[in-house]
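S.K.: Pasting a structure below so you can have a look.
Values in this text are rule-based calculations from the coordinates and carry no lab data. Since we're looking at a predicted model, the values are computed, not measured. When we count neighbours, we look across all protein chains shown, and the Cβ atoms used for this are built from the backbone with ideal geometry, even at glycine.
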């Protein structure tokens with residue numbers, strides 16, 4: 001009973017902290033030590049500067065907690081992917097079903113980004129449910145890793161669809177935006193992997 005109550009206490013405290021950090025950006029004033037922790041963790045990702053830029057604003061809430069760090073990174077990835085999905089969906093509506101290579105690439109991109117958003121969202125939900133389903137933490141984390149990897153693959157698929165499209169402003173703008181989303185998604189996956197390693201250790 002004591003273990004269950006302490007676990008419940010941790011869950012509610014963590015949820016409150018994470019809600020505050022992902023809505024206002026800061027639940028607690030950051031310290032230089034908190035910021036240094038973010039920078040150190042970001043060095044393990046593929047895009048460390050993007051990682052630090054997008055996550056350092058949450059350092060006061062994350063403090064030195066790898067779980068909170070992974071959660072916030074997923075939140076940032078979801079925000080960016082959702083924004084991109086809405087953006088490319090609007091472009092898709094504008095081009096309609098016109099029979100051009102570019103319109104086909106845009107429509108395909110809209111579809112795969114919708115899938116990416118769903119996969120990142122499922123990852124976020126699964127992270128919030130860690131330890132509460134009767135399944136092992138490793139199994140739940142493997143689900144998160146699978147879905148985040150699938151989201152990254154879908155984002156790559158969007159880029160691949162533009163390979164045969166002639167260069168123009170639309171292609172350049174969409175591809176630049178996709179690159180930015182891919183970076184935060186890749187970083188989120190890396191930080192989930194980092195957290196999973198602490199569980200396995």
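S.K.: Ranked from highest to lowest mean number of other Cβ atoms within 10 Å per residue, what is the order of the peptides 35-44, 86-95?
M.R.: 35-44, 86-95
S.K.: Using the alpha-carbon centroid of each, what span in Å lies between region 167-197 and region 77-97?
M.R.: Cα centroid of region 167-197 versus Cα centroid of region 77-97: 15 Å apart.
S.K.: Using a Förster distance of 41 angstrom, determine the FRET efficiency expected from the C-beta separation of residue 32 and residue 132, and round it to 0.05. Before the final figure, lay out the partial values.
M.R.: Numbers: r = 35 Å, r/R0 = 0.85.
The calculated FRET efficiency here is 0.75.
S.K.: Something else about it: Which of 122, 182 comes first, and how do the rest follow, when ranked by fewest Cβ neighbours within 10 Å?
M.R.: Fewest-to-most ranking of 122, 182: 122, 182.
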